[in-house]
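The values are calculated or read from the model by the stated rules, or taken from the named source; none is laboratory data. Quantities reported herein were computed from a predicted structural model and do not represent experimental measurements. Cβ coordinates were reconstructed from backbone atoms using ideal geometry, including for glycine residues, and neighbour counts include every protein chain displayed.
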Amino acid sequence: MEDMKLIADHLVFQYDKSRSDARRALDDVSFVLHKGEFVGLIGHTGSGKSTLVQHLNALIRPDSGSIYYEGADIYEKDYDRKALRGKVGLVFQYPEYQLFEETVLSEVIYGPVNMGMDKKDAELAAYDAIRRVGLEEECIDQSPFDLSGGQKRRVAIASVLAMDPEILVLDEPTAGLDPAGRSELLEMIKELKEKEGITIVLVSHSMDDVAEAADRIIVMDKGRIIYDDVPVRVFEHINELEEMGLAAPQMSYLLRDLKKAGFPVNTDIITLKDAREEILKVLS
Amino acid sequence: MKKKNKDKQPSILKKASSFLSIRNLKYEYIRRDEENNVEGITTAVDDVSFDVKAGEFIAVLGHNGSGKSTLAKHINAILFPEEGEVILDGMDTKDEEKLLDIRRTAGMVFQNPDNQIIGQVVDEDVAFGPENMGVPTAEIAQRVEESLKTLGMWEFRNASPNRLSGGQKQRVSIASVIAMHPKCIILDEPTAMLDPRGRYEVIRAARALNEVEGITVILITHYMEEVIHAHRVLVMDKGKVKMEGTPREIFSRVEELKRMRLTVPQITELAWELKKEGLPLSDGILTREELVRELTEYKHRKG
Ligand SMILES: Nc1ncnc2c1ncn2[C@@H]1O[C@H](COP(=O)(O)OP(=O)(O)O)[C@@H](O)[C@H]1O
Ligand SMILES: Nc1ncnc2c1ncn2[C@@H]1O[C@H](COP(=O)(O)OP(=O)(O)O)[C@@H](O)[C@H]1O
Ligand SMILES: [Mg+2]
Ligand SMILES: [Mg+2]
């Protein structure tokens, strides 16, 4: 199918291969990513999210199963995995600890140059990426270390965007940011999807953030995918999610409480904006 | 010692009831180049003063870089004031002789669950602190048991820390601090890297230490929902304490908080927006229960 960008097919992966009884970090994981989707990936710590996202650009090779990018098996002997890492851009958790260049520009240019782009084009790509993540032009010659936490995250994202990815995978990009930093970064990621059609995979521990931004949510538990559905359907399973160490968005809990208190509200509501509309509607 | 303090720090006498007293604290980070020339100065904490009473639960909010961690590190003498003073339980943190007492009085837990546990086994890690303090062996075992039980981690005493979830690791780190019998615990974004259950476990543990054990808690966080049970909230902005009050007072000031790169709990924000649409709701609603109650009352009045 035209819009299927990436297919994960029965992935199995175990870190400690010396013990056959060791727990699998990924246990028969399959899903399809479509072009232009915004997928939220949630799960308790240790559920396998980071392991899974490192498979998406072939940083990790599965013990069995495979990944197909636009129809081609990325683990085939002759597959160009270096080019793949430009197309499936991965922003690691706490990427600010991996910034190492002297200026923002040289940091962002590193990726495209490494991919074989000539210096001039790489520079153009870098300028473009810096603009797309909403960093000020003045930042370009500054040391990444002098920037704020939220700005450093943007530099890390820009250095992946400069390679012009079709899929952008972000591993907990908002962890540790202040509320404004969190919502600005989330807005920026939503814009990449909406304006540029980039497919997004967002790993997050914030149920409220994925409820707000994602078109679809994949829930992992102990290396397996438990749910893969639109957000409202996933968050219907409040009890099961709590069992797994997760939760529902705050608005789900509120709407359920209101229903119990006798308000004729729709409980399929997970965002603040929809909750406001619904409450005003039933009270008018 | 008392006498010396009396001469030098009249402020403690004036504030006899305060457990922690911070007066005009200022701290700068100075960046130097290879030749040791000053390249830049960041005023991380700028003329901060406040008092904390024994047994209080204080939450500290503030944008990234507002100076929260720098301030926190002054409380247990990891950093020392350049200007101003920090008096913890009657001890001036600049008094070198008191360093161990100060560190014992206020313990600190940081953000990353993966780099605070040094023991190979949970109970070993919790025993380190008391061992270093020279607590007798028999008492160490007792303290380890007490602390792990308080944090609900006793059943994991023989586990290897890398087998634990993030929330469990943070509770072990807290247990390790508690085993030193501190009067105060400072939690610097302890939940930033945790999943929802981990966050819940850590916050519940902090509240229990405060309510049951009477330990003074200072909690730094970016999650507004975590501070609604605090006795008092301090809001930092660019190195200064800009607001101080109960959670309800603070979270009634939605627009000011947003200007300082903060927000309010989602329930508070919803109530605030509903109020703007004309519903007669109180300012600073903090919990679902309150919001449901006020909406129900309104519905009945309306008929
Ligand atoms: N480098 C590693 N070596 C050994 N085990 C690992 C490594 N990275 C992760 N694991 C284990 O694999 C499992 C999945 O971890 P991870 O993918 O990091 O989960 P998540 O990102 O959801 O927190 C966990 O049990 C974790 O302890
Ligand atoms: N070790 C350091 N060296 C230089 N500057 C620092 C250091 N630690 C913090 N700063 C700077 O001091 C200011 C306050 O930082 P910090 O206390 O960590 O704030 P917060 O904890 O609120 O994010 C920031 O501008 C930060 O960049
Ligand atoms: Mg992870
Ligand atoms: Mg900090």
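Looking for something surrounded by fewer than 19 Cβ atoms within 10 Å (Cβ to Cβ) and within 16 Å of ligand 1 (Cβ to nearest atom) - is there at least one such residue anywhere in segment B:94-109? Scanning segment B:94-109, I find no residue that is surrounded by fewer than 19 Cβ atoms within 10 Å (Cβ to Cβ) and within 16 Å of ligand 1 (Cβ to nearest atom), so the answer is no.
Can you say whether B:Val212 is closer than 15 Å to B:Ile117 by Cα and more than 16 Å from ligand 1 (Cβ to nearest atom), as far as the supplied structure shows? So B:Val212 fails the test. Looking at the structure I just gave you, is B:Ile218 at negative phi and touching a strand residue (DSSP E or B) at 6+ places or on another chain (Cβ under 7 Å)? So B:Ile218 fits the description; yes. In the set A:Asp141, A:Asp164, A:Asp171, only one residue is touching a Gly at 6+ places or on another chain (Cβ under 8 Å) and either under 19 Å from A:Leu90 (Cα atoms) or surrounded by fewer than 20 Cβ atoms within 10 Å (Cβ to Cβ) (or both); that residue is A:Asp164. Can you say whether B:Asn132 is of a type outside the set (Val, Ile, Thr) and either modelled with pLDDT of 95 or more or over 23 Å from the mean Cα position of the chain (by Cα) (or both), as far as the supplied structure shows? So B:Asn132 fits the description; yes.
Conditions tested, residue by residue: (1) part of a helix (DSSP H, G or I); (2) within 16 Å of ligand 1 (Cβ to nearest atom); (3) over 22 Å from A:Leu192 (Cα atoms); (4) not hydrophobic (A, V, I, L, M, F, W, C).
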{"site": "A:Lys77", "(1), (2), (3), (4)": "no, no, yes, yes"}
{"site": "A:Glu96", "(1), (2), (3), (4)": "yes, no, no, yes"}
{"site": "A:Glu102", "(1), (2), (3), (4)": "no, no, yes, yes"}
{"site": "A:Ser106", "(1), (2), (3), (4)": "yes, no, yes, yes"}
{"site": "A:Val113", "(1), (2), (3), (4)": "yes, no, yes, no"}
{"site": "A:Ile140", "(1), (2), (3), (4)": "yes, no, no, no"}
{"site": "A:Phe145", "(1), (2), (3), (4)": "yes, no, yes, no"}
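Exactly one residue among B:Glu273, B:Glu289, B:Glu277, B:Glu297 is surrounded by fewer than 20 Cβ atoms within 10 Å (Cβ to Cβ) and more than 10 Å from chain A (Cβ to nearest Cβ), and that residue is B:Glu297.
If the condition is being on the phi > 0 side of the Ramachandran plot, within 14 Å of another protein chain (Cβ to nearest Cβ) and not small (Gly, Ala, Ser), then segment A:158-179 contributes only A:Glu172.
Scanning segment A:68-84 for residues that are touching a strand residue (DSSP E or B) at 6+ places or on another chain (Cβ under 7 Å) and in contact (Cβ under 8 Å) with a residue 24 or more places away in the chain, we see that the one that is surrounded by the most Cβ atoms within 10 Å (Cβ to Cβ) is A:Tyr69.
The single residue among B:Lys73, B:Lys53, B:Lys68 that is within 13 Å of ligand 4 (Cβ to nearest atom), within 19 Å of B:Lys183 (Cβ to Cβ) and not aliphatic (A, V, I, L, M) turns out to be B:Lys73. Taking (1) assigned by TED's automatic domain parsing to the domain that holds B:Ala206; (2) part of a helix (DSSP H, G or I) in turn, B:Glu269 satisfies each apart from (1). Is there any pair linking a residue in segment A:36-63 that is more than 14 Å from every other protein chain (Cβ to nearest Cβ) and of a type outside the set (D, E, K, R) to one that is more than 12 Å from ligand 1 (Cβ to nearest atom) and in a helix (DSSP H, G or I), with Cβ under 7 Å and at least six apart or on different chains, and which? Taking only residues 6 or more apart or on different chains, the pairs are A:Gly36/A:Lys193; A:Phe38/A:Lys193; A:Phe38/A:Ala213; A:Asn57/A:Leu84; A:Asn57/A:Arg85; A:Ala58/A:Arg81; A:Ala58/A:Leu84. Would segment B:213-221 turn up any residue that is more than 14 Å from the chain's Cα centre (by Cα) and either in the same structural domain as B:Gly65 (by TED's automatic domain parsing) or more than 30 Å from B:Val172 (Cα to Cα) (or both)? Taking every residue of segment B:213-221 in turn, at least one turns out to be more than 14 Å from the chain's Cα centre (by Cα) and either in the same structural domain as B:Gly65 (by TED's automatic domain parsing) or more than 30 Å from B:Val172 (Cα to Cα) (or both).
The test for being more than 22 Å from the chain's Cα centre (by Cα) and within 14 Å of chain B (Cβ to nearest Cβ) holds for A:Asp146. Specify the residue that is surrounded by the fewest Cβ atoms within 10 Å (Cβ to Cβ); the eligible residues are those in segment B:144-173 that are hydroxyl-bearing (Ser, Thr, Tyr) and under 20 Å from the mean Cα position of the chain (by Cα). Across segment B:144-173, the extreme among qualifying residues is B:Thr150.
Would you check if there is a residue in segment A:189-200 being within 12 Å of chain B (Cβ to nearest Cβ) and either farther than 20 Å from A:Asp274 by Cα or among the charged types (D, E, K, R) (or both)? No, the conditions are met nowhere in segment A:189-200.
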